[in-house]
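**Q** Quick one: structure below, then a few questions.
The values are calculated or read from the model by the stated rules, or taken from the named source; none is laboratory data. Everything numeric in this text was worked out from a predicted model, so none of it was measured. Cβ placement follows ideal geometry from the backbone for every residue including glycine, while neighbour counts extend to all protein chains displayed.
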Amino acid sequence: MKLSFILFALPWLLRMKAWRYKEFSKRLKERNITVQMKVADDSKGRFYTFKDGRIVSTNGMHPSPDVCISFKSEAIAVALLMPPIDYQVQIDAIKNFNLIAKGPDELVTWFSETVMMSQTIGWEFGTSVESGETRYVNNTNGGPVFVYVKDGKIVRITPIEFQADDGETWTVKARGKEFSPPRKTTISPHGLASKSMVYSKDRNLYPMKRVDFDPNGDRNCQNRGVSEYERISWDEALDIVTSEIKRMNRQYGPGAIYAARSSHHTWGNVGYYISAYQKFINIIGATTTLLNPDSWEGWYWGAMHHYGHSMRNGAAEIYGQVEDCLQEAEMIVYWSSDPEVTNGVYGSFEGTVRRQWAKELGIEMVHIDPFLNETAAFMGGKWLAPRPTTSPALAQALTYVWIKEDLYDKDYVEKRTTGFDKWSAYIMGKDEDGVSKTPEWAEAETGVPAREIRALARKWASKKTYLSAGGMGTTLGGACRSATGAQWARSMICLMAMQGLGKPGINFGGLQFGSPIDYNFYFPGYAEGGFNGDGQNSANGVSLYQRMPHLISMNPTQQSIPRLKLPEAIMEGKAEGYPIDIRSIEGQFFPVKYPSPGHSPAKMMYKYGSSYIGTQPDSNRYVKMYRTDDLEFVVSQSIWNEGEVKFADVILPACTNFERWDIGEWANPGGYGHDWVGQLNHRVIGMQHKCIEPLGESKPDYQIFQCILTRLGHSAYFTQGHREIDWVKRMFDASDLPKGISWKKFCTKGYYVVPAEKEALRQPTSYKWFADGEKKNVQEPHPLPGAYGEDFLEGLQTQSGKIEFESQSLKRFAQDPERPPLNKYIPSWEGIHTSDLFEKYPLQLVSPHARYSFHTKGDGKDSSINDIKDHRVNIDGYFYWLVRISVTDANVREIKENDLVKLYNDRGAVICAARLTERLMPGVIHCRQASAVYDPLGDPGKSADRGGCVNLLTSKRMQTKKVHSAAYNSCLIEIEKWDGTDAIQSVKGSAEELIPAE
Amino acid sequence: MKKWNLIVDVEKCHNSNNCFLSVADEYMGNEHPGYSTAMPKHGHHWINILRNERGQAPMVDVAYVPTMCNHCDDAPCIKAAENDAVIKRPDGIVIIDPEKAVGQKQIVDACPYGAVWWNEEKDLPQAWIFDAHLLDRGWKEPRPVQACPTGALKSVLIEDDSMQKRAEDEGLEVLHPEQGTKPRVYYKNLNLYSKCFIGGSVIADIDGVEECIEKAFVLLSKEGSKIGETWSDAFGDFKIDDLEPGSGSYEVEISHPDHSSKTVSVSLGESTYIGTVKF
């Protein structure tokens, strides 16, 4: 009876919605089909005939319905169809074949989506404001925003100012003062400039095909990067891509399709790369990219061997440090740390006000960086400028002074660390090495005067000191991305182990992390995988999978290509790397070989997102790779026509996240970035309204994947009958949001501010437990229970449970002579000691992350970022990338301000605009990385580039032998005034010959 | 009547460029009838951030100064305009009428601050209008202030008398007061940009090892008169600021109870790091 009623009522529901909402009426007119719904044994059923928007409902069985949805029993049918839908029950029914949908994939999906749409059709979004504008909300990589829209066009994008009834703000009491952050969000430049990127002339607005690419004839792969494009229809584009996917599987078997993505080009839990893209890749089955821990490098490969934290890629605990630092610390040492540029990660300028408080409180600052960076310029204090790659030597000399002058915490070293005797012997020159690591020794290496090293060592030991190593406090930092990257990160741990890490005022951090916010309010981070159902390659299984039941997915192709060796893998057919496996410290020791046993080499590339050429080392290699027949087909799904998109055979135009539905929390990756929201002053969870229609014929990534999968018969599995807005609602329901805001209000208002944590419930300070010899009490689910050596929550993840000056994990591994168990100083394999090369290329290049753009996001594409004087320089109508050169080095080369100069070595040449500065010591060149523009002046891959891709110059060599890591900041170059030609250089020789082979 | 003013704290500006980008976002591609017409996509800096890197490595500091239309009370552009193309609103904001000002390039030339930009395509002088169109709709502050991450920009709506008092109390300055234009944009800590320092590092050999000398007394004098004094810090560094650029020769006398005094002569052009001074 009940089922009969439900089946009878369903068409009435649809008719009512069609009567009320034009859009739904239009939807019903899209297909003329018959849908049968029934109990599997045909005991009960009803079929619906959709014709020109009308629905005829008939009791009984249709002989040949287009779509047939059958339930194992009437009870199951009722349970599944009776609102509200219980998705756990629904998923169980699908997995156990109690619910079966038959018929063409596309029609099954259409019907499911239509039923879902009947539930969502009346929702209202956005807030009407003055002047006929509607205010929506969206998220960017650099903060949540209000988006004002009028007549279908974005008028403005601003940070969010809170209202009185938004969640309250915290206050920190320190040294008789009270500090509370402003009640608004901050925004990074690349977020604030979003509108200029949405309406960029470089948008891909239509599917395109390279004119001389014929999938059935001559492919002319050698012309990639040179040939023009012609507009084609979506159907043609999708047909080509789909038939190539099928051909790969047919002709070569598993592995032939290679999927490559970038991170960070959009935001949102549904449409972001770990969600829709990953599920798509899992479904088609593809060779994936074995990532290197690109921003972490030395922390992952080095630091974790002394103190654990594998599940943070080697980064430290990040709790409670804002209060402790403001209340207790007397000095902060920023070492290769420029949070005013790198903004934590996604954290916009949230830490800025806290650093201003530190300044107000008179906390002293020291900045150690080859460049007087923006944080140093902002905060003031002492600047020490070690030569690039030599920071580990500086750290060892500090250690020397501490030991020699008895300036360290002996009790802590004895109780909380192991291996100090051996470390001390090495530092003092009392082991087989025989060299005392004196300040004078370090001065010769680093260029920092010995007297200043002594002064810093004494000051550090006499004051309660925070160490901000890298932009996040631990992790990141240019020093971790060089040949000595692991050594530097390791030395940071060893330093803090001597000064009592976790004691009041002694900790890691530069006020970027550890805000007293509510960490327990659940909203999934993007690394929880959205709806990807992938428990292996995302943190989907941690919380989201249970809270938002959805179908699981796995990639059947067990092959991956180490990202840094992609060109070699494609062109030479083999490559080896090491994984990011954060389960354990030892996860990184397993070599990954390409190709996998029994797998085809990659023949087709599915590129999603922005550029490798701007971000990967020695990137002329990538250019050369694209121009070989080894890649038979390259499809690029991209928002903008930038970087290497111009090397694709077919371009699929994606839209920005302002043109599609999504939901997300600012600065919340989850997973590897557990509790990174701690860098925020307020947690803000945002509806990502579809503010405008996709421009041109561009589509949301989700829908592009769906279109391809429809042609392969997988769309129902991909979408589960959900459109993006349905997943947004599911994500809302799966989180703690319903406890704080109604769905209706969330749809209109668009954001929710999580109220600050009660003072009594704030997180304890990181490592206090460790310093006090107690059980771990910070609320992070790391390390895994089995990684505790003895009792649960006792000690660190290391074998000893203590900070190990002599790393037991590296001792056990014993295969990487460049990573010995004691963190010995081994000079960079490209630097001042590689004398032949240094003679030819006497300038050390550092290429840290860009300030105004985020990787390639924000740069190029005609955005207003280009007009920022410290980003690019407009010379004769062309926006050149900026290179900083010391006045001394410039004078020697007769280079003047704004001269066009050529940076070059044997790997390539880049034309930049010169900025003369005193913020660098002579011998060091500063040129930020991640240009989105690759603009070769002659033959691509073999000529100078004037787009600013400084990574054409950096080495492909791994930091050490048994890792998969880039060493961008171990790079020697020469600079000269540009002669206007496309020549890389006139000097003969090859860097590859001069640099000893790996 | 309450009027708008802007206070820029140079010490707090760290060149995020959010003010510049806010203006770009608000005016590029947007027409605000009666207030302004769209800003060109490239080339205009209605908020123009000036930079001054002072000193020599390793003693260097950097100051950034956002400049923009000063909304002068005695604005040369108003005088230069024909046809009442530039108006002064009762709330203090100066607006270049986007229709009446067409073709009037002399408005650009009249501004002593270079804050008016010439829109070639539209044949029109343009400047930042303090987001008057938004304030008129009830916005509490203009967008550059809203988006500034450091609090370096503050918009203030007060009576002129109160503003004058505040300027005196807080030591606020305006750019080029000698022009007599009576700007409504005030600067705090402008000396970090406009003035110079003399700095150095005091060292000595102690027990055969070179050390930084803390608490050395540094006396700066000019033609026998004391100009300033300070003490060296733990790195031996000292810095005496607020000197006029190009102000000629100074004597730096450095003394310490354990050492005999040293005197160094400096001829000051721009900020100067004299390097190490060894006892």
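**Q** Identify, please: which residue in region A:713-729 is hydrophobic (A, V, I, L, M, F, W, C) and touching a Ser or Thr at 6+ places or on another chain (Cβ under 7 Å) and is, among those, nearest to residue A:67 (Cα to Cα)? Before the answer, list the steps.
**A** First, pick out the residues of region A:713-729 that are hydrophobic (A, V, I, L, M, F, W, C): A:716, A:718, A:725, A:727-728.
Okay, now just the ones that are also touching a Ser or Thr at 6+ places or on another chain (Cβ under 7 Å), so A:716, A:725.
Values: A:716: 12, A:725: 24 Å.
Only one residue fits best here, namely A:716.
**Q** If you don't mind, there's one more thing I want to ask. What's the number of the condition residue A:633 fails, among (1) touching a Gly at 6+ places or on another chain (Cβ under 9 Å); (2) modelled with pLDDT of 95 or more; (3) surrounded by 24 or more Cβ atoms within 10 Å (Cβ to Cβ)?
**A** (1)
Yes/no matrix, rows are residues, columns are (1) within 9 Å of chain A (Cβ to nearest Cβ); (2) without any contact (Cβ under 8 Å) to a residue 60 or more places away in the chain:
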| residue | (1), (2) |
| --- | --- |
| B:22 | yes, no |
| B:45 | yes, no |
| B:66 | no, no |
| B:74 | no, no |
| B:78 | no, yes |
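**Q** Right, here's the next one. Would you confirm whether any residue within region A:65-79 is at pLDDT 95 or above, of a type in the set (Asp, Glu), under 24 Å from residue A:717 (Cβ atoms) and surrounded by 17 or more Cβ atoms within 10 Å (Cβ to Cβ)?
**A** Looking for residues that are at pLDDT 95 or above, of a type in the set (Asp, Glu), under 24 Å from residue A:717 (Cβ atoms) and surrounded by 17 or more Cβ atoms within 10 Å (Cβ to Cβ), one finds at least one in region A:65-79, hence yes.
**Q** For residues that are touching a residue at least 60 places away in the same chain (Cβ under 8 Å), within 9 Å of chain A (Cβ to nearest Cβ) and farther than 16 Å from residue A:866 by Cα, tally how many sit in region B:24-43.
**A** 1
**Q** Can you name every residue in region A:605-643 that is closer than 17 Å to residue A:570 by Cβ, polar (S, T, N, Q) and touching a strand residue (DSSP E or B) at 6+ places or on another chain (Cβ under 7 Å)?
**A** A:620, A:636
**Q** If you check residue B:187 against the conditions, is it closer than 22 Å to residue B:114 by Cβ, within 13 Å of another protein chain (Cβ to nearest Cβ) and not basic (Lys, Arg)? Can you show your working first?
**A** Working: closer than 22 Å to residue B:114 by Cβ: yes; within 13 Å of another protein chain (Cβ to nearest Cβ): no; not basic (Lys, Arg): yes.
No.
**Q** Please work out which residue is surrounded by the most Cβ atoms within 10 Å (Cβ to Cβ), limiting yourself to region A:334-366 and to residues that are of a type in the set (A, V, I, L, M, F, W, C), within 13 Å of chain B (Cβ to nearest Cβ) and farther than 28 Å from residue A:159 by Cα. Please lay out each step first, then the result.
**A** Pass one, region A:334-366, residues of a type in the set (A, V, I, L, M, F, W, C): A:335, A:341, A:345, A:349, A:353, A:357-358, A:361, A:363, A:365-366.
Filter once more, so that each one left must be within 13 Å of chain B (Cβ to nearest Cβ): A:341, A:349, A:353, A:357, A:365-366.
Now drop any that are not farther than 28 Å from residue A:159 by Cα, which leaves A:365-366.
Details: A:365: 21, A:366: 23.
Here the residue is A:366.
**Q** Can you find, within region A:370-394, the residue that is nearest to residue A:488 (Cα to Cα) among those that are within 8 Å of chain B (Cβ to nearest Cβ) and part of a helix (DSSP H, G or I)? It would help to see each step written out before you state the result.
**A** Narrowing region A:370-394 to residues within 8 Å of chain B (Cβ to nearest Cβ): A:372, A:374, A:377-378, A:380, A:382-385.
With the extra rule that they be part of a helix (DSSP H, G or I), the set shrinks to A:374, A:377-378.
Working: A:374: 21, A:377: 23, A:378: 25 Å.
If we take residues in region A:370-394 being within 8 Å of chain B (Cβ to nearest Cβ) and part of a helix (DSSP H, G or I), then A:374 is nearest to residue A:488 (Cα to Cα).
**Q** Moving to a separate point now. Which of (1) more than 20 Å from residue A:737 (Cβ to Cβ); (2) out of contact with any His (no Cβ under 8 Å at 6 or more places or on another chain) is the odd one out, the single condition residue A:533 does not satisfy?
**A** All conditions pass for residue A:533, except number (2).
**Q** Give me a count of the residues in region A:131-145 that are within 12 Å of chain B (Cβ to nearest Cβ) and surrounded by 22 or more Cβ atoms within 10 Å (Cβ to Cβ).
**A** Taking region A:131-145 and keeping what is within 12 Å of chain B (Cβ to nearest Cβ), we get A:131-133, A:142-143, A:145.
Still in the list and also surrounded by 22 or more Cβ atoms within 10 Å (Cβ to Cβ): A:142-143, A:145.
Going through region A:131-145 one residue at a time, the tally reaches 3.
**Q** Tally time: how many residues in region A:155-208 are at the interface with chain B (Cβ under 7 Å from one of its Cβ atoms), in a loop (DSSP other than H, G, I, E, B) and β-branched (Val, Ile, Thr)?
**A** Qualifying residue count, region A:155-208: 2.
**Q** A further question on this structure: Take the residues in region A:253-287 that are touching a Phe, Trp or Tyr at 6+ places or on another chain (Cβ under 6 Å) and of a type in the set (Phe, Trp, Tyr); name whichever of them is farthest from residue A:672 (Cα to Cα).
**A** Top of the filtered list is A:280.
**Q** Filter region A:138-154 for residues that are under 20 Å from the mean Cα position of the chain (by Cα) and either among the basic types (Lys, Arg) or assigned to a loop (DSSP other than H, G, I, E, B) (or both); which is farthest from residue B:20 (Cα to Cα)?
**A** If we take residues in region A:138-154 being under 20 Å from the mean Cα position of the chain (by Cα) and either among the basic types (Lys, Arg) or assigned to a loop (DSSP other than H, G, I, E, B) (or both), then A:141 is farthest from residue B:20 (Cα to Cα).
**Q** For region B:219-250, name all the residues that are part of a strand (DSSP E or B), in contact (Cβ under 8 Å) with a residue 40 or more places away in the chain and within 14 Å of another protein chain (Cβ to nearest Cβ). Please lay out each step first, then the result.
**A** Looking only at region B:219-250, we keep the residues that are part of a strand (DSSP E or B), and these are B:219-222, B:225-231, B:237-243, B:248-250.
Then keep just the ones that are in contact (Cβ under 8 Å) with a residue 40 or more places away in the chain; that gives B:237, B:239-243, B:250.
Within region B:219-250, B:237, B:239, B:241 meet the criteria.
**Q** Give me the residue from region A:684-723 that is within 30 Å of residue A:349 (Cβ to Cβ) and surrounded by fewer than 24 Cβ atoms within 10 Å (Cβ to Cβ) and, out of that set, nearest to the chain's Cα centre (by Cα). Even if it seems obvious, please write down each step before you answer.
**A** Start the filter on region A:684-723 by keeping residues that are within 30 Å of residue A:349 (Cβ to Cβ), which leaves A:684-692, A:695, A:700-701.
Applying the additional criterion that residues be surrounded by fewer than 24 Cβ atoms within 10 Å (Cβ to Cβ) yields A:690, A:692, A:695.
Values: A:690: 23, A:692: 26, A:695: 26 Å.
In this case the residue turns out to be A:690.
**Q** Given A:476, A:501, which one is aliphatic (A, V, I, L, M), crowded, with 24+ Cβ neighbours inside 10 Å and under 19 Å from the mean Cα position of the chain (by Cα)?
**A** Details: A:501 fails: under 19 Å from the mean Cα position of the chain (by Cα).
Testing whether each residue is aliphatic (A, V, I, L, M), crowded, with 24+ Cβ neighbours inside 10 Å and under 19 Å from the mean Cα position of the chain (by Cα) leaves just A:476.
**Q** In addition: Could you please find all residues in region A:337-369 being in a loop (DSSP other than H, G, I, E, B), over 15 Å from residue A:380 (Cα atoms) and of a type outside the set (D, E, K, R)? Lay out the reasoning, then the answer.
**A** Residues of region A:337-369 in a loop (DSSP other than H, G, I, E, B): A:337-338, A:343-351, A:361-363, A:369.
From what's left, over 15 Å from residue A:380 (Cα atoms): A:343-351.
Selection gives A:343, A:344, A:345, A:346, A:347, A:348, A:349, A:351.
**Q** For region A:945-959, what are the residues that are farther than 17 Å from residue A:627 by Cβ and of a type in the set (A, V, I, L, M, F, W, C)?
**A** Listed by number, the residues that qualify are A:950, A:953, A:958.
**Q** Where residues in region B:47-64 are of a type outside the set (A, V, I, L, M) and within 7 Å of chain A (Cβ to nearest Cβ), which of them is farthest from the chain's Cα centre (by Cα)? Working first, answer last.
**A** Applying the first criterion (of a type outside the set (A, V, I, L, M)) to region B:47-64 yields B:48, B:51-56, B:58, B:61, B:64.
The next check asks that each one be within 7 Å of chain A (Cβ to nearest Cβ); those that pass are B:53, B:55-56, B:58, B:61.
Values: B:53: 13, B:55: 17, B:56: 21, B:58: 24, B:61: 14 Å.
So, considering only residues that are of a type outside the set (A, V, I, L, M) and within 7 Å of chain A (Cβ to nearest Cβ), the one farthest from the chain's Cα centre (by Cα) is B:58.
**Q** Taking interchain pairs and intrachain pairs at least six residues apart, which have beta carbon atoms under 6 angstrom, with the first residue in region A:156-171 and closer than 20 Å to residue A:353 by Cα and the second in a loop (DSSP other than H, G, I, E, B) and among the β-branched types (Val, Ile, Thr)?
**A** Qualifying pairs under 6 Å: A:159/A:185; A:159/A:187; A:160/A:185.
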